[in-house]
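S.K.: Got a structure for you, questions after.
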Amino acid sequence: MSPRRNRHPGPRLRDRDLAATWQVVSVLLDYPTEQWHERLPVLGEAVASLPAPVRDPIRAFLRTASATPVGELQRDYVETFDVTRRGCLYLTYFAHGDTRKRGLALVQFKQAYHRAGVELEADELPDHLAVVLEFGASYDKDVAWQLLNDHRAGIEVLRMALADKDSPWHDVVTALVATLPELRGEDADKLAALVAQGPPAEEVGLDLAPYALDPRLNPRPSESVELGPTIPVGAP
């Protein structure tokens, strides 16, 4: 029997609708601040013309967030995304956990951005879901599409965790999932393994400055390379 293969079909949405959805989801997955809260009505306008599968869950989140004080949203955000393993927003964590393989995976994300002419801000890891979506919305849809689909099972684990917690951010990730292919083949197998076992682990700690693992993995070996634009998470 031949092994099941992943075939990632193209996006379900038109390019402009996909970019708008990813941009809004990226902003809503950023840490809520006063400025973030003030932008919610503008985001509501931005999704008004989007297809219902992405528009409706985003609108549901916006109603909840608009009626919730910022301080309460901040506490909920930290409890949701910074504490529970299944609620992690860093995509490589689901595939590699806190293992040495995650360092290489982080480098591969950075290399993908660099090939597209983009450099990240120094204080953010490249596999943060909001960063990937911002990159896809503003710079390179096809590269972001591949990165998201390579980590499709992890995104589904995140969605399930948010549903279990009855988190308002479940609506945001539901909108994202509506832009992606359905789980099948190897992705379905990965999801089953993640649900049953959780992310991989190893006893030896990992330095998440991944270039320390091997200098040959540095995506910018030449200091003469001209830097491209940076991606601040949730940038307008």
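S.K.: Hey, what do the phi angles of the range 146-159 turn into as Karplus ³J(HN,Hα) couplings, whole Hz, using 6.51/-1.76/1.60 and θ = phi - 60°, x for Gly and Pro?
M.R.: 3J(HN,Hα) across the range 146-159, in whole Hz: 5, 4, 5, 6, 5, 10, 4, 5, x, 4, 5, 4, 4, 4.
S.K.: Under a Cβ-Cβ cut-off of 15 Å, what is the net charge of the residues other than Trp36 that fall near it, where Lys and Arg count +1 and Asp and Glu count -1?
M.R.: Local net charge: -4.
S.K.: Sort out for me the Cα centre separation of the range 42-65 from the range 118-167, rounded to whole Å.
M.R.: So the separation of the two Cα centres works out to 19 Å.
S.K.: Efficiency by 1/(1 + (r/R0)^6): what FRET value for Gln35 and Gln146, r their Cβ-Cβ distance, R0 = 25 Å, to the nearest 0.05?
M.R.: Efficiency, rounded to the nearest 0.05: 0.20.
S.K.: Rounded to the nearest 0.05, what FRET efficiency is calculated for Ala48 and Lys101 with R0 set to 45 Å and r the Cβ-Cβ distance?
M.R.: Numbers: r = 42 Å, r/R0 = 0.94.
After rounding to 0.05, the efficiency reads 0.60.
Every read-out reported here was derived from the displayed coordinates using simple, explicitly stated rules and does not represent laboratory data. Predicted model only: the values in this text are computed from it and were never measured. Positions of Cβ are backbone-derived with ideal geometry, glycine not excepted, and every protein chain shown enters the neighbour counts.
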